[in-house]
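These notes are about the structure you will find just below.
The values are calculated or read from the model by the stated rules, or taken from the named source; none is laboratory data. Predicted, not measured: the structure shown is a model, and the values here were computed from it. Cβ placement follows ideal geometry from the backbone for every residue including glycine, while neighbour counts extend to all protein chains displayed. Only protein heavy atoms, including side chains, enter the accessible area calculation; ligands, DNA and RNA are left aside. Shrake-Rupley method; radii C 1.70, N 1.55, O 1.52, S 1.80 Å.
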Amino acid sequence: MTEVSVAKDDVAATGDLVVLKSVNKHFGALHVLQDIDLTIARGEVVVVIGPSGSGKSTLCRAINRLETIDSGDITIDGKPLPQEGKALARLRADVGMVFQSFNLFAHKTVLENVMLGQIKVRKADKKVAEEKARALLDRVGVATQADKYPAQLSGGQQQRVAIARALAMDPKVMLFDEPTSALDPEMINEVLEVMQQLAREGMTMIVVTHEMGFARSAANRVVFMADGRIVEEAVPDQFFSNPRSDRAKDFLSKILHH
Amino acid sequence: MFDFLEGYDLLGAFWVTIQLTLLSAVGSLVWGTLLAAMRVGPVPLMRGFGTFYVNTVRNIPLTVIILFTSLGLSQTLGVTMGAADNFETQNFRLAVLGLTLYTSAFVCEALRSGINTVPVGQAEAARAIGLNFTQVLTLVVLPQAFRSVVGPLANVLIALTKNTTVAAAIGVAEAALLMKEMIENEAQLILISAVFAFGFVCLTLPTGLILGWVGKKVAVKR
Ligand SMILES: Nc1ncnc2c1ncn2[C@@H]1O[C@H](COP(=O)(O)OP(=O)(O)O)[C@@H](O)[C@H]1O
Ligand SMILES: [Mg+2]
């Protein structure tokens, strides 16, 4: 891992951007999110970590309402999540999401992938959208692939395009759900570097990942989830070297020794 | 040997067949796509309607549907399809309506299987950038769904071409009606059948070949 450490203390907390209050969600009998309270400040980078099935993806998906919640409140920039319709679509555009499986639109070129939302959601002019898309592709290092289709790109390139696609909407916050878990090892760093760059530029980020290098160098805070609950929150160094809860100790010993 | 063809407007009859096919194809593509959209949409009432429609219509014989448009819609309910004084035009339009109502159920099901080939993640990513349901469907899901079902849709189109012969039941002057007339008038059963069979093959074979090629050409690589 390249040694890029954000000056964590410089990030001025200018208010809370994402606030979850006693959020509960069930999948049938499974209580997948249990009384989740979580506040993310503007410019903060929070890494969410925890065993598989602990509800990390559901948490991310609830934040831009790809999943509904049963009770509790979620606000983005002071506004509660709308129920449906136009307001919800607008909110989703403000919350960028990057998925484990990239999910690029397979029938559109890389450039078109990054232009689509700008044109159809932000109603941007085509020329303006293309310029911005090219600039973003350049920023994530795949400018030369602009006219190819997703299937012609490596996983690492696809994920960087997916990040560019999300950034094209000028999101207030970016959610990353295990963005490097589906990648071959040699491609993980190229994606993490883009994310680190984003963090340095002050993007508010919620990142589900087990990449401890990233957590240590880019995160302001680590949130540890198990069985649908937030079990522990701490700054990265403290969490990794000195976890308080038994669940966290147990989990860390497993991911460190595999 | 082909003297028996004299005095019959063979090309004219096949032209009616082609018109029936093309108009019904366009109609079923539109209505079938709307039905598919209803069936995958978030509104329970529409989903219910779509499911009910498809399951009912595709299980009714086409002859019954065509006869219903004529006897039920036209003669009982007075639907004239904007051609009250021209019986021929009226029946032609009723036949297009019947063929469309019937074929759209098959278009819907072909499309729905195409929709299932599009990874859910892409629809979620589309929602995540702020596209609404209609945009997700028309910009991301349907374009890929169509590309993956060109083959099945070609089969629906071929079936439709042959199904237009049912319009003879309400007197539309398409190929099958002329064939019936010729068989009654001429003592050339086998030759006449062969001519008409050949005519239909001329219509359907290129459909299959061209759309098969198109299907390969537009296939989405994953
Ligand atoms: N759509 C769903 N329907 C039913 N159960 C689900 C669904 N999505 C996730 N789950 C279940 O919820 C639990 C939490 O899942 P998830 O949030 O994906 O966990 P994580 O991302 O931490 O691995 C798991 O037990 C999973 O099987
Ligand atoms: Mg997950």
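Net charge around A:Asp73, counting only other residues with Cβ within less than 14 Å of its Cβ (Lys, Arg = +1; Asp, Glu = -1)?
-1
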| said: Taking 19 Å as the cut-off for C-alpha to C-alpha distance, list the pairs among A:Lys86/A:Lys123; A:Lys56/B:Lys221; A:Lys108/B:Lys216; A:Lys21/A:Lys86; A:Lys79/A:Lys126; A:Lys56/A:Lys108 that go past it. | reply: A:Lys56/B:Lys221; A:Lys21/A:Lys86; A:Lys79/A:Lys126; A:Lys56/A:Lys108
| Taking each residue of B:195-206 in turn, how many C-beta atoms of other protein chains fall within 10 Å of its C-beta, and what is the average? | 0
| Simple spin-label model, 7 Å along Cα-to-Cβ: B:Thr138 to B:Leu205 in nm? | 4.0
| field | Acute angle (nearest 10 degrees) that the helix A:85-94 long axis makes with the longest principal axis of chain A, alpha-carbon atoms | value | 90
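Using only protein heavy atoms and a 1.4 angstrom probe, determine the accessible area buried between A and B, summed over both sides, in Å² to the nearest 100.
The contact between B and A buries close to 1800 Å².
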| Hey, got a sec? Which trypsin sites (Lys or Arg not before Pro) in the range A:171-258 land in a DSSP loop and have at most 14 other Cβ atoms within 10 Å? | A:Arg244
| Each residue of the range B:88-102 in turn: what ³J(HN,Hα) in whole Hz from Karplus with 6.51, -1.76, 1.60 and θ = phi - 60°, glycine and Pro shown as x? | 5, 4, 4, 5, 4, 5, 5, 5, 4, 4, x, 5, 5, 4, 6
| query | Put A:Glu232, A:Glu44 in order of accessible area, largest first, 1.4 Å probe: what do you get? | reply | A:Glu44, A:Glu232
| To two decimal places, what compactness ratio does the range A:129-239 give when its Cα radius of gyration is scaled by 2.2 N^0.38 Å? | 1.14
| request: Report the residue, chosen from B:Leu205, B:Leu34, B:Leu23, that carries the largest GNM mean-square fluctuation when chain B is represented by alpha-carbon nodes joined by springs under 10 Å. | output: B:Leu205
| message | Suppose every Lys and Arg Cβ carries +1 and every Asp and Glu Cβ carries -1, with no other charges. What dipole size does chain A come out with about its Cα centre, to the nearest 20 debye? | response | 800
| said: Using a Förster radius of 51 Å, what is the FRET efficiency between B:Leu10 and A:Asp147 based on their Cβ-Cβ separation? Nearest 0.05, please. | reply: 0.50
| field | Under 5 Å, built H, 5+ apart or other chain: amide partners of A:Phe176 | value | A:Val98, A:Ile206, A:Val207, A:Val208
| message | At q = 0.13, 0.26 Å⁻¹, what log₁₀ I(q)/I(0) does the range A:81-154 have when each alpha carbon counts as one equal point scatterer in the Debye sum? | response | -0.43, -1.28
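Averaged across the residues of B:135-148, what count of C-beta atoms belonging to other chains lies within 10 Å of each residue's C-beta?
Mean partner shielding for this stretch: 2.
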| said: Which log10 I(q)/I(0) values does the range B:3-218 give at q = 0.09 Å⁻¹ under the Debye formula, counting every alpha carbon as one identical point scatterer? | reply: -0.44
| task | With a 1.4 Å probe and every protein chain kept in, tell me what percent of the accessible surface of the range A:97-230 is carbon plus sulfur. | result | 45
| request: Using a 1.4 angstrom probe, figure out how much accessible area the range B:3-218 has per residue, in square angstrom, rounded to the nearest whole. | output: 49
| said: Taking each residue in A:103-113, count the Cβ atoms of any other chain within 10 Å of its Cβ, then average. What number comes out? | reply: 5
| Heavy-atom accessible area ranking, 1.4 Å probe, most first, across A:Lys21, B:Lys221 | B:Lys221, A:Lys21
